[in-house]
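In what follows, a single structure is set out as structure tokens and then discussed.
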Amino acid sequence: MSEAVGLYLEEAKRSSYGHKLRQMQELAIRDPENFWSEVARNLYWFKTWDRVLEWNPPFARWFVGGLINASFNCLDVHVRTANRNKVAIFWEGEPGDRRVLTYMDLWREVCRFSSVLRDLGVRKGDRVAIYMPMVPELPIAMLACARVGAIHSVIFSGFSFEALATRIRDSGAKVVITADGGYRRGKLIQLKKTVDEALAKTSSVQSVIVLRRTGSDVEMREGRDFWWDDLMRGKSLDSQATPLESEHPLYILYTSGTTGRPKGVVHDTGGYLVWLYATMKWVFDIRPDDVYWCTADIGWVTGHSYVVYGPLLHGATSVMYEGAPDYPAPDRWWEMIERYSISILYTTPTAIRMHMRFGEEWARRHDLSSLRLLGTVGEPINPEAWRWYQRVIGGGRCPIVDTWWQTETGGIMISPAPGIELVPLKPGSATLPLPGVHAEVVDENGKPTKPYEKGYLVILGPWPGMLTTLWEDPESYKRIYWSKFGHNNSLNFHFNPPAVYYTGDYAMKDDDGYIWLLGRADEVLKIAGHRIGTTEIESALVMHEAVAEAAVTGKPDPVRGESIVAFVTLKPGFKPSDDLRVELIKWVRRTVGSIASPSELYFVSKLPKTRSGKIMRRLLRAVVSSTPLGDVTTLEDETSIKEAMEAVELLKKAMMNNRTADSS
Ligand code: PRX
């Protein structure tokens, strides 16, 4: 054992780690390969791996030589046991329709749908884009792709045609799976229409499969578009899962970064499944009689990992819901918890804050005593929301697991782990890294910070759930995630050669080694826990004929964490007006999606820039959040920031006046 690892263990001992947790941490640090192969043995491998890890930083291959299939591990292993008739999914549509799918039901549907894909010419390595509402056919489509070795790329159904087209183009998808529509807060969402608009801007797609969900009228193009039902009719169940190399990509999931182009995060099969198997057990302490509900939309990573793959790997019973949390009334969720006797609830701080606003009487109307564990994810949780969640929803008896992780990490990294041993919780802290996760907080030079000192959160790689690359862009993968801190010798590495993964988050450690997440260190926004890049919204704005330049930033929001604020300069011939403001906001919503919709938009004559022409979003963020500007010496023209301040002040005053007028 190196001296460095020894020091790390010393730190672990000083902190308030429980005995069992510390033991696991030590095992994972001393002999990671052995540790991970023990976990991997819980999965079904067509062929066992030859080597646990091949590590050429920053490229890792986990379980090299092993052959595995995700669909087989989620379904076939269960239908071969007494679990075959166990409920896999209790599903509810927003209008109130319900379906129950056992493991056998799910297995049948996946087998048949994988035959459909095979008949359409989908082969191992082909990309399939999935753009669907939260209906059981969405996990069925994903598992069918996994069964044949096709790489799925699920696109959140709240994204609009421009975002969809970019993702289809980048992945080169051959098939798109969608639905005629879906329901959201009582409204019909037209998905097929959006697919048609996106396909007009892409060329790789040969076939479109359309599920009937709403029965609304859609245009079907002869020879390209097929109804799901028609294709499934008479399809055989005989569709064996293809044994795939452990490092075969299971999926691409696009996520926002600091450029206008979303990043295609690639996850492998073996390492990713091992990570999910472990974290479901450690964090959720998943048991055979649990009814587990992760409220995330499958369009985001939480849905991939903890609605689909994680619970199914464990043969768990899950609940899946199509619509809005407050539809038809604010107690929809609490009613569902009572109906299904849900024991584990995993959701976002935004949802909790929203329910807090509705008031606790909605929860009080229902028997929530089945709950035994609560979880949160996606954004920092304020202690007030944490306490409300524990008291009102958890009845004061359920621990809360505040889970920190990212699309890139594949699964949970920092979190309480009641499945191993529950450490004392501190509202607002994700507590400690899981076994095998070496998280550090470092300063600008990569040196560990002192307790309570803010720094950058880094992970000393590799770990099995990690992204393997960015789709067809290994150079960006290296640059974005693994180059900021190089190989700093003041850190303690478990693996050789050493490599530091940059998370893009600020954090600090306290005296007990607990980690407190302090928000993003880059230009990525978290709106209601969803990740959206400022540049993606800016690109959409400048596509409008009136817009010359745009700068987007985030402003603290009491419920959604952050809201979007845009500053826009206009092209000659266009004048600022309220109508144009409304039109531009609508434009962003229509092209990117409603999650990207600015809540405030200001017209200015110039944007604050450095002398080299870089937009200083940091200053705009300070202006909209009413915080000190900080260093402005690099600003080229100080009047630009004055103008932005005046614009924000003006709107504030107008809103105050409106409020006074309303109340008088
Ligand atoms: O900033 C962190 C925040 O969400 C980011 C990752 O976003 P995404 O890839 O969309 O994945 C979200 C679901 C895993 C992180 O860089 N974040 C996630 N979980 C937490 C969090 N911030 C604070 N506390 C958390 N528990």
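Tally Lys/Arg at +1 and Asp/Glu at -1 over every other residue whose Cβ is under 9 Å from the Cβ of Val175; what's the total? Net charge in that neighbourhood comes out at +1.
Among Ile29, Ile298, sorting on how many other beta-carbon atoms sit within 10 Å of each Cβ, with the fewest leading, yields Ile29, Ile298.
The label-point distance for Lys454 and Arg387, in a model that sets each label 7 Å from Cα toward Cβ, rounds to 2.4 nm. The overall shape of the stretch 456-517, judged from the alpha-carbon gyration tensor, is prolate: a/c is not under 1.5, and a/b is greater than b/c. In plain terms, the chain from Asn56 to Arg99 could stretch by 10.8 nm, reckoned as 0.36 nm per residue minus the Cα-Cα distance.
Residue by residue, the stretch 438-451 carries 3J(HN,Hα) couplings of 9, 9, 9, 10, 10, 8, 3, 8, x, 8, x, 7, 7, x Hz when phi is fed to the Karplus relation 6.51 cos²θ - 1.76 cosθ + 1.60 (θ = phi - 60°); x denotes Gly or Pro. In loop segments of the stretch 39-131 as defined by DSSP, the trypsin sites (Lys or Arg not before Pro) with at most 14 further C-beta atoms inside 10 Å of their C-beta are Arg41, Arg80, Arg123, Lys124.
For the stretch 456-517, the relative contact order comes to 46 percent (Cα pairs under 8 Å, sequence separation of at least 6).
Classified by the C-alpha gyration tensor, the stretch 383-508 has a prolate form. Its axis ratio a/c, with a ≥ b ≥ c, is 1.5 or above, and a/b is larger than b/c. Summing charges over neighbours of Ala241, with a neighbour being any other residue whose Cβ is under 13 Å away from its Cβ, gives +2 when K and R count +1 and D and E count -1.
DSSP beta bridges fully contained in the stretch 163-214 are about 40 percent antiparallel.
Below 11 angstrom from the Cβ of Ile68, what's the summed charge of the other residues (Lys, Arg +1; Asp, Glu -1)? For residues surrounding Ile68, the net value is -2. The fewest-to-most ranking of Trp463, Trp300 by surrounding Cβ atoms within 10 Å reads Trp300, Trp463.
If both residues of a DSSP beta bridge must be in the chain, then about 60% of such bridges are antiparallel.
Counting only residues at least eight positions apart within a chain, or on another chain, the aspartates and glutamates with an alpha carbon under 15 Å from that of Lys193 are Glu162, Asp180, Asp217, Glu219, Asp225. The 3J(HN,Hα) values that the Karplus relation (6.51, -1.76, 1.60; θ = phi - 60°) gives for the stretch 495-505 are, in residue order, 10, 10, x, x, 7, 10, 8, 8, 7, x, 10 Hz. Gly and Pro appear as x. Shown in residue order for the stretch 172-186 are the 3J(HN,Hα) couplings computed by the Karplus curve 6.51 cos²θ - 1.76 cosθ + 1.60 at θ = phi - 60°: x, 4, 9, 10, 10, 10, 9, 9, 5, x, x, 10, 8, 6, x Hz (x for Gly and Pro). When the listed pairs Lys526/Lys652; Lys47/Lys124; Lys454/Lys478; Lys174/Lys484; Lys484/Lys642 are checked against a 27 Å cut-off, the alpha-carbon distance exceeds it for Lys174/Lys484; Lys484/Lys642.
The sum of -39500 (n - 2.57) across all DSSP H runs of n ≥ 4, divided by the residue count of the chain, sets its helix-only mean residue ellipticity at 222 nm to -9000 deg cm²/dmol. Bridges between two residues of the stretch 528-663, per DSSP, are antiparallel at a rate of about 75%.
A Förster radius of 51 Å, combined with the Cβ-Cβ distance separating Asp238 from Thr258, puts the computed FRET efficiency at roughly 0.60. Can you bin the chain into rounded, prolate or oblate? Criterion: square roots of the alpha carbon gyration tensor eigenvalues sorted a ≥ b ≥ c, rounded for a/c under 1.5, prolate for a/b above b/c, oblate for the rest. Rounded shape, in that the Cα axes give a/c under 1.5. Stretched out straight at 0.36 nm per residue, the stretch from Glu545 to Ala654 would grow longer than its current Cα-Cα span by 36.5 nm.
Using Cβ point charges alone (K and R +1, D and E -1), the dipole size of the chain about the Cα centre works out to roughly 480 debye.
Just so you know, all these numbers are worked out from the coordinates, no wet-lab data involved. Everything numeric in this text was worked out from a predicted model, so none of it was measured. Glycine gets a Cβ as well: all are built from the backbone with ideal geometry, and neighbour counts include every protein chain shown.
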